[in-house]
Every structure is written in C-alpha cells, then in structure tokens.
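As structure tokens, the structure follows; a few thoughts come after it.
What follows draws every value from the coordinates through simple rules; no lab data is involved. Please read all numbers here as calculations on a predicted model, not as lab measurements. In this analysis, Cβ positions are derived from the backbone assuming ideal geometry, glycine residues included, and neighbour counts consider all displayed protein chains.
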Amino acid sequence: MTAVSHEPTDAGPVRIVRLTDECEIGMLPWLRAQLERAVAQGPGLLVVDLTDCALLDAQAVPVLVEAARELAAGDGRLLLRGGSPQVARLVALADPDGELCLSPA
C-alpha cells in the first residue's frame, strides 16, 4: 500500500510519501490529501518515493506538480525518488516544463 513518514536529517526534517502499489486514478484523492498535509507542514524537503510503484496514472503528475509549486513558493522542494523506466517516461512526458525532479532510488 502506501506510507507516510518523517525522517530527520542534518538539513532538517524530510517528509516522505511512499507509493508501494500502483497509483491508479482511484488513489489520486488519497495522494492529493497526503501531499496537501505534507505541504501544510511548511518548507523543507518532501520526497515522493516511487521505488516500489509499478504504475503511476498520468493524472497523478499534475497533482505532484501542484505540490512542487506550493513547496517552491515557500522555499521547499519536492523530489521524486526511484520509479520504473515507465514512470520516468510518464513524468518526462506529462511534465514538459520540468517542474518535477526525478532521482534514482
């Protein structure tokens, strides 16, 4: 399923949302709620861990971009971590302005 955690680092707290299943359209309200909750906690780093996410619905990308914009407006940052080659291609295609940063696992 999915999990949300907070991990302290030398640079401050890192909020992590882990997607460990397929993120289909039915999960988008849950994803949006988790991202909104994490963004509301203030600036910092929010990692969306896609390492174990086999499928990301294309409609999830605008949800992720919105969270990235909100974090950037408050000196925060959203980072996508991991993800299959298919997920990486989807993010590249659905985020032509490159607002999302995808790093390897």
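Modelled this way, with points 7 Å down the Cα-to-C-beta line, the labels at residue 14 and residue 89 are 2.9 nm from one another.
Each label was represented as a point 7 Å from its Cα along the Cα-to-Cβ direction; for residue 72 and residue 52 these points are 3.0 nm apart. Among 26, 76, 44, the largest mean-square fluctuation in a Gaussian network model of the chain, built with springs joining Cα atoms closer than 10 Å, belongs to 26.
Taking the longest Cα principal axis of the chain as reference, the axis of helix 28-40 is set at about 20 degrees. Taking Cα centre as origin and charging only the Cβ of basic (Lys, Arg, +1) and acidic (Asp, Glu, -1) residues, the dipole magnitude of the chain rounds to 100 debye. Distances between placed amide hydrogens fall under 5 Å for residue 81 paired with 48, 49, 50, 103, all partners being 5 or more residues away or on another chain. Computed on the chain, with alpha-carbon pairs under 8 angstrom and 6+ residues apart, the relative contact order is 25 percent. Listed values for region 18-26 are Karplus-derived 3J(HN,Hα) couplings in whole Hz (6.51 cos²θ - 1.76 cosθ + 1.60, θ = phi - 60°), namely 9, 9, 10, 9, 6, 9, 8, 4, x, and x replaces Gly and Pro.
When DSSP beta bridges are restricted to pairs lying wholly in the chain, around 35% turn out antiparallel.
Computed from point charges on the beta carbon alone (+1 for Lys and Arg, -1 for Asp and Glu), the dipole magnitude for region 54-96 about its Cα centre is near 180 Debye.
When mean projected area of the Cα convex hull in nm² is computed from the coordinates, the matching label among (1) 7.6; (2) 15.5; (3) 5.9 is (3).
If you take every residue apart from residue 53 with its C-beta less than 13 Å away from the C-beta of residue 53, what net charge results, scoring Lys and Arg +1 and Asp and Glu -1? Combined, the nearby Lys, Arg, Asp and Glu give -4.
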